[in-house]
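Below you'll find the structure, written out as C-alpha cells, and then a few comments.
What follows draws every value from the coordinates through simple rules; no lab data is involved. These figures come from a predicted structure and were not determined experimentally. When we count neighbours, we look across all protein chains shown, and the Cβ atoms used for this are built from the backbone with ideal geometry, even at glycine.
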Amino acid sequence: MTSRLTQTLFGSITARVMTTLLCCIVAFVVFVPLLSGWEAEAVDWDALESPPSASHWFGTDLAGRDLFTRIAEGGRLSLGIAVLSTGISVLIGVPYGAFAGYLGGRVDQWMMRFVDTLYALPFILVVILLVVVVGRNTWLLFAGLGAVYWLDIARIVRGQTLRIRSAGYITAARGMGASTRWIVLRHLLPNVAGIALVYATLTVPGIVLAESFLSFLGLGVQEPAASWGVLIADGAGNMEAAPWTLLYPAVFLAVTVWTLNMLGDRLRDALDPHLRRH
C-alpha cells in the first residue's frame, strides 16, 4: 500500500505538481499567519482598499486589513473545519457501514433505508436546523455537518464489507466463536481502512466547498473570523472597485479543491481498482 501511495503522489509529473501545490497551500496557511508582519485584524489606515504592493502583497480589503494574511488565516479555518468534519464522518460512517454489511439481511436493509432517508433531506434545511440547535458556533455547526457527510463513506464501506465477509479468515473467526463486534473491529475494519481513507480524501474538498458556500450565504463562519467563503463574499460585493479582494481567495479555493479532488481520484484508482473509471 505504501508503494502504491508513493506512486500515486509522485509517480508522474501531474501527480508531483498536484502534491507540490497542496503542500505549498498547507505550508502557506500554517506558517504565513505566524511569520507575516501583519495581524489578520490589523488595520492599515494609510492603505484602505489598496491594490497589491510591496507592503501588502495581495492588497488590502475595504477596512485596510492585509489580504495576504487574511487568506492564510481563512485557509487555516476552512481546512481545519474540513478535517474536523471529515474525521467525524469517518468515525460514524466506517463502523456503521461495516456492521450493516456484515450483519446483512433485514438489519442491513433497515440500516440502509435510514441512510437513504438522510440522503433525501435538503442540505440547506439540515444547515438551518443545525444553526437553530447549536447557534452560531462555527465548530459545532461543522461538527454537525460531519455527522451528515458520513453517508457516502458508510455506503462504500458496506459494499466493501459485503465483498469480504465470506472470506476464509472471516469464516474461521466465526467458526471459532468470535463475536460480531470482534470480527468487525479486528478483521473487517482493518481491511476496509484503505478505501475509507481514500474516500475521506474525497470528502475534504466537498466540505471545503460546503463551508465556503455556507459562509458566502452568511450561515457559516461569521466576522471578524475569516474563511475563504467569507473573503469571497466580501470580495464579490466589492469586485468592481477592488477585484483583487475576490480574485485571490477564489484562486486559493479553486486550486485547493482541484488538487484534493485530483489526488483523491488518483488514490481511489490506485487502491480501489474495482471502482476504477474506464
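Taking the Cα centre of the chain as origin and assigning +1 to Lys and Arg Cβ atoms and -1 to Asp and Glu Cβ atoms, the resulting dipole is close to 2040 debye. Debye sum, Cα scatterers, the chain, no solvent: what log₁₀ I/I(0) at q = 0.13, 0.16 1/Å? Values, matching the q order: -0.93, -1.21. Relative to the dominant Cα principal axis of the chain, helix 13-35 is inclined by about 60°.
Couplings 3J(HN,Hα) for segment 76-83, derived from phi with the Karplus relation 6.51 cos²θ - 1.76 cosθ + 1.60 (θ = phi - 60°), are 4, 5, 4, 6, x, 5, 5, 5 Hz, where x marks Gly and Pro. With the convex hull drawn around the C-alpha atoms of segment 80-219, the volume per residue stands at 105 Å³. Computed 3J(HN,Hα) for segment 205-210, one whole-Hz value per residue from the Karplus formula 6.51 cos²θ - 1.76 cosθ + 1.60 where θ = phi - 60°, is x, x, 6, 4, 5, 4, glycine and proline marked x.
With all pairs of different C-alpha atoms in the average, the Kirkwood value for the hydrodynamic radius of segment 132-278 is 18.2 Å.
Could you give the Stokes-Einstein D for segment 1-158 in µm² per second, using the C-alpha Kirkwood radius, 25 °C, 0.890 mPa s? Let's see the in-between values first.
Values: Rh = 19.2 Å.
Estimated diffusion coefficient is 128 µm²/s.
Per-peptide packing, taken as the mean over residues of other Cβ atoms within 10 Å, places 147-153, 214-220, 234-240 in the sequence 147-153, 214-220, 234-240 from highest down. Across segment 63-72, coupling constants 3J(HN,Hα) worked out from phi with the 6.51/-1.76/1.60 Karplus curve, θ = phi - 60°, read 8, x, 8, 5, 6, 4, 5, 5, 5, 5 Hz, and Gly and Pro carry x.
Packing, taken as the mean count of other beta carbons within 10 Å per residue, orders the peptides 91-99, 38-46 from highest to lowest as 91-99, 38-46.
Two numbers describe the Cα atoms of segment 185-237: Rg and Dmax, which are 16.7, 54 Å.
Averaging over all projection directions, the Cα-based convex hull of segment 65-120 occupies 5.1 nm² in the image plane. Put simply, the C-alpha atoms of segment 111-162 give a gyration tensor, and the ellipsoid matching it has half-axes of 25, 12, 7 Å, longest first. Can you give me the angle between helix 150-164 and the longest principal axis of the chain, using Cα atoms only, in degrees from 0 to 90, rounded to the nearest 10? Roughly 30 degrees, rounded to the nearest 10.
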